[in-house]
Amino acid sequence: DSGVTQTPKHLITATGQRVTLRCSPRSGDLSVYWYQQSLDQGLQFLIHYYNGEERAKGNILERFSAQQFPDLHSELNLSSLELGDSALYFCASGADSIPDTQYFGPGTRLTVL
Amino acid sequence: ILNVEQSPQSLHVQEGDSTNFTCSFPSSNFYALHWYRWETAKSPEALFVMTLNGDEKKKGRISATLNTKEGYSYLYIKGSQPEDSATYLCAFTGGGADGLTFGKGTHLIIQP
């Protein structure tokens with residue numbers, strides 16, 4: 001158990017809908033990273049928050065957004081969902097703003113029908 | 001665009017044999033190279049973080065080496081056991097606030 005929690009574990013929704021994925025980092029970690037694992041793709045970095053502030057964006061679509069709250073949990077919002085958004089979404093937490101060891105949550109499996 | 005390549009894509013090894021696989025990464029703007037182990041239905045678990053050229057790290061029967069000048073790292077598993085079956089991921093970071101850039105992994109299957 002990494003100490004990182006993610007909810008929900010599974011999510012099934014329809015095209016055009018909007019969903020919110022939630023992540024709570026390990027106690028004491030200030031950084032939250034979001035990654036997407038699609039079929040045949042490696043883990044792709046989406047976005048990084050550190051202590052409530054956005055620090056870096058990766059391959060994140062404009063339809064996706066995220067935030068980190070004062071209690072350090074983070075939410076990834078995915079809107080106008082398309083079939084191609086079906087993927088496993090991981091969050092990972094770390095102590096620092098520079099990526100040292102990252103601790104991954106169990107992931108949220110999103111299926112868009 | 002950063003390119004992190006891992007080879008082979010998959011590997012079948014007999015129980016008790018030793019094995020190794022490769023990760024290649026950009027040799028410029030290097031900060032750290034990570035190895036993760038990812039078992040089916042679980043989340044990636046950190047094995048090593050290596051930062052210095054010539055670094056060698058060891059955890060039980062698993063070890064890794066790093067060559068930052070030529071941009072490669074090897075992961076070695078000695079005396080493979082069935083519980084070593086997993087996908088092994090390497091990930092590169094240049095030290096900025098960006099997340100890790102992952103390779104697609106080497107899928108290791110240990111056959112009894």
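Observations
- Loop-located GluC sites (Glu not before Pro) in segment A:56-113, at most 11 other Cβ atoms within 10 Å (DSSP): A:Glu62
- Relative contact order (percent, whole number), chain B, Cα cutoff 8 Å, 6+ residue spacing: 38
- Packing-based exposure ordering (other Cβ within 10 Å, fewest first) of A:Asp40, B:Asp84, A:Asp100: A:Asp40, A:Asp100, B:Asp84
- Label-point separation, A:Glu62 to B:Lys59 (7 Å along Cα→Cβ), nm: 4.1
- A DSSP coil position with no more than 11 other Cβ atoms inside 10 Å describes the following trypsin sites (Lys or Arg not before Pro) in segment A:16-113: A:Arg18.
- Cα centroid separation, segment B:61-87 to segment B:1-50 (Å): 7
- When the Gaussian network model of chain B links Cα atoms closer than 10 Å, the mean-square fluctuations of B:Glu70, B:Glu15, B:Glu83 top out at B:Glu83.
Readers should treat all values here as calculations from the given coordinates under stated rules, not as data from a laboratory. Keep in mind the model is a prediction, meaning the values are calculated, not measured. Quick reminder, even Gly has a Cβ in these numbers, built from the backbone with ideal geometry, and neighbours come from all protein chains shown.
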